[in-house]
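Visitor: Dumping the structure here so I can ask a few things about it.
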Amino acid sequence: MLFKGVPVHYAVAGEKAAIPCNISTPLSDDQVSLILWYRVDMPNPIYTLDIRKRTIAEAKHFPSPEIKDRSYFFMNIHPPTLILDPARVEDDGDYKCRVDLRRTRTLILHTSLHIIGEF
(Lines give C-alpha, C1' and ligand atoms only; values in the text may rest on other atoms or scores of the structure.)
Protein backbone atom coordinates (compact mmCIF):
# COMPACT_ATOMS: atom_id res chain seq x y z
CA MET A 1 0.00 0.00 0.00
CA LEU A 2 1.43 3.33 -1.05
CA PHE A 3 -0.60 5.68 1.16
CA LYS A 4 -1.15 5.32 4.91
CA GLY A 5 -4.55 6.11 6.39
CA VAL A 6 -6.50 5.70 3.14
CA PRO A 7 -9.61 3.53 2.85
CA VAL A 8 -8.94 -0.06 1.84
CA HIS A 9 -11.44 -2.05 -0.20
CA TYR A 10 -11.34 -5.78 -0.84
CA ALA A 11 -12.63 -7.90 -3.70
CA VAL A 12 -12.33 -11.53 -4.73
CA ALA A 13 -10.67 -12.25 -8.06
CA GLY A 14 -13.34 -13.08 -10.62
CA GLU A 15 -16.03 -11.18 -8.71
CA LYS A 16 -17.10 -7.52 -8.72
CA ALA A 17 -14.77 -4.89 -7.19
CA ALA A 18 -16.21 -1.56 -6.05
CA ILE A 19 -14.01 1.51 -5.51
CA PRO A 20 -15.98 4.50 -4.17
CA CYS A 21 -15.17 8.17 -4.75
CA ASN A 22 -16.89 10.70 -2.51
CA ILE A 23 -17.57 13.67 -4.78
CA SER A 24 -19.27 15.85 -2.17
CA THR A 25 -18.44 19.46 -2.91
CA PRO A 26 -17.40 21.98 -0.26
CA LEU A 27 -19.95 24.51 -1.59
CA SER A 28 -23.61 23.59 -1.89
CA ASP A 29 -23.93 25.40 -5.23
CA ASP A 30 -20.80 23.88 -6.80
CA GLN A 31 -20.87 21.08 -9.39
CA VAL A 32 -18.56 18.37 -10.61
CA SER A 33 -17.27 18.88 -14.14
CA LEU A 34 -14.79 16.04 -14.63
CA ILE A 35 -13.80 12.89 -12.73
CA LEU A 36 -10.57 11.06 -13.49
CA TRP A 37 -9.65 7.70 -11.97
CA TYR A 38 -5.97 6.75 -11.83
CA ARG A 39 -4.00 3.74 -10.67
CA VAL A 40 -1.06 5.44 -9.04
CA ASP A 41 1.42 3.21 -10.89
CA MET A 42 0.03 4.26 -14.30
CA PRO A 43 0.55 7.71 -15.86
CA ASN A 44 -2.82 8.00 -17.66
CA PRO A 45 -6.35 7.83 -16.27
CA ILE A 46 -7.98 4.41 -16.26
CA TYR A 47 -11.46 5.97 -16.36
CA THR A 48 -12.76 9.43 -17.22
CA LEU A 49 -16.24 10.80 -16.63
CA ASP A 50 -16.77 14.06 -18.51
CA ILE A 51 -19.66 16.16 -17.20
CA ARG A 52 -18.55 19.45 -18.73
CA LYS A 53 -21.42 21.29 -20.48
CA ARG A 54 -23.89 18.46 -19.72
CA THR A 55 -25.88 16.91 -16.91
CA ILE A 56 -24.69 13.91 -14.92
CA ALA A 57 -27.23 11.76 -16.77
CA GLU A 58 -25.64 12.86 -20.07
CA ALA A 59 -22.03 12.41 -18.85
CA LYS A 60 -19.57 10.82 -21.25
CA HIS A 61 -17.79 7.70 -19.95
CA PHE A 62 -14.27 6.91 -21.19
CA PRO A 63 -12.72 3.75 -19.73
CA SER A 64 -9.10 2.99 -20.65
CA PRO A 65 -8.33 -0.03 -22.85
CA GLU A 66 -7.05 -1.93 -19.77
CA ILE A 67 -10.51 -1.98 -18.15
CA LYS A 68 -12.83 -1.06 -21.02
CA ASP A 69 -14.99 -4.18 -21.20
CA ARG A 70 -15.29 -4.67 -17.44
CA SER A 71 -15.77 -1.23 -15.90
CA TYR A 72 -18.41 1.38 -15.23
CA PHE A 73 -18.64 4.41 -12.96
CA PHE A 74 -22.00 4.57 -11.18
CA MET A 75 -23.01 8.13 -10.28
CA ASN A 76 -26.52 7.28 -9.04
CA ILE A 77 -25.32 5.77 -5.73
CA HIS A 78 -23.65 7.41 -2.75
CA PRO A 79 -20.76 7.56 -2.86
CA PRO A 80 -20.35 7.19 -6.62
CA THR A 81 -18.41 4.02 -7.34
CA LEU A 82 -16.10 2.64 -10.01
CA ILE A 83 -16.98 -1.00 -10.67
CA LEU A 84 -14.53 -3.54 -12.09
CA ASP A 85 -16.32 -6.75 -13.05
CA PRO A 86 -14.67 -9.16 -12.98
CA ALA A 87 -11.83 -8.02 -10.73
CA ARG A 88 -8.42 -9.37 -11.67
CA VAL A 89 -5.38 -9.99 -9.50
CA GLU A 90 -3.56 -7.25 -11.43
CA ASP A 91 -6.21 -4.72 -10.28
CA ASP A 92 -4.69 -4.88 -6.79
CA GLY A 93 -3.12 -1.50 -6.04
CA ASP A 94 -3.51 2.10 -5.02
CA TYR A 95 -5.96 4.38 -6.79
CA LYS A 96 -6.83 8.04 -6.81
CA CYS A 97 -9.99 9.74 -7.89
CA ARG A 98 -9.52 13.32 -9.11
CA VAL A 99 -12.68 15.42 -9.02
CA ASP A 100 -12.61 18.73 -10.91
CA LEU A 101 -15.22 21.18 -9.70
CA ARG A 102 -16.62 24.21 -11.51
CA ARG A 103 -16.04 26.75 -8.73
CA THR A 104 -13.62 25.37 -6.13
CA ARG A 105 -10.38 23.45 -5.91
CA THR A 106 -9.87 20.01 -7.37
CA LEU A 107 -10.41 17.15 -4.93
CA ILE A 108 -8.05 14.16 -4.94
CA LEU A 109 -9.16 11.10 -3.01
CA HIS A 110 -6.95 8.07 -2.45
CA THR A 111 -7.99 4.47 -1.85
CA SER A 112 -6.43 1.01 -1.99
CA LEU A 113 -7.94 -2.05 -3.60
CA HIS A 114 -6.78 -5.50 -2.52
CA ILE A 115 -7.75 -8.49 -4.64
CA ILE A 116 -8.05 -11.80 -2.82
CA GLY A 117 -7.24 -15.06 -4.56
CA GLU A 118 -6.27 -16.01 -8.05
CA PHE A 119 -8.57 -16.28 -11.03
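Visitor: Looking only at strands (runs of 3 or more DSSP E) that lie completely in region 1-92, which have at least 2 residues being among the aromatic types (Phe, Trp, Tyr) and open to solvent by less than 70 Å² (accessible area, probe 1.4 Å)?
Guide: Filter on region 1-92 gives 32-39.
Visitor: What are the residues in region 95-115 that are in contact with a strand residue (DSSP E or B) (Cβ under 6 Å, 6 or more places away or on another chain) and more than 14 Å from Leu36 (Cα to Cα), if any?
Guide: Arg102, Ser112, Leu113, His114, Ile115
Visitor: Got a number for residues in region 56-115 being closer than 19 Å to Val12 by Cα and in contact with a Ser or Thr (Cβ under 7 Å, 6 or more places away or on another chain)?
Guide: 5
Visitor: Then there is this: Inspect region 40-50 for any residue being over 20 Å from His114 (Cα atoms), touching a strand residue (DSSP E or B) at 6+ places or on another chain (Cβ under 9 Å) and at pLDDT below 90 and give the result as yes or no.
Guide: No; the residues of region 40-50 include none that is over 20 Å from His114 (Cα atoms), touching a strand residue (DSSP E or B) at 6+ places or on another chain (Cβ under 9 Å) and at pLDDT below 90.
Visitor: Here are some residues: Arg52, Arg70, Arg98. Which one is basic (Lys, Arg) and touching a residue at least 60 places away in the same chain (Cβ under 8 Å)?
Guide: From the options Arg52, Arg70, Arg98, the qualifying one is Arg98.
The values are calculated or read from the model by the stated rules, or taken from the named source; none is laboratory data. Note that the structure is predicted; figures quoted are calculated from it, not measured. In this analysis, Cβ positions are derived from the backbone assuming ideal geometry, glycine residues included, and neighbour counts consider all displayed protein chains. To get the accessible areas, we keep the full protein, side chains included, count just its heavy atoms, and leave off ligands, DNA and RNA. Shrake-Rupley method; radii C 1.70, N 1.55, O 1.52, S 1.80 Å.
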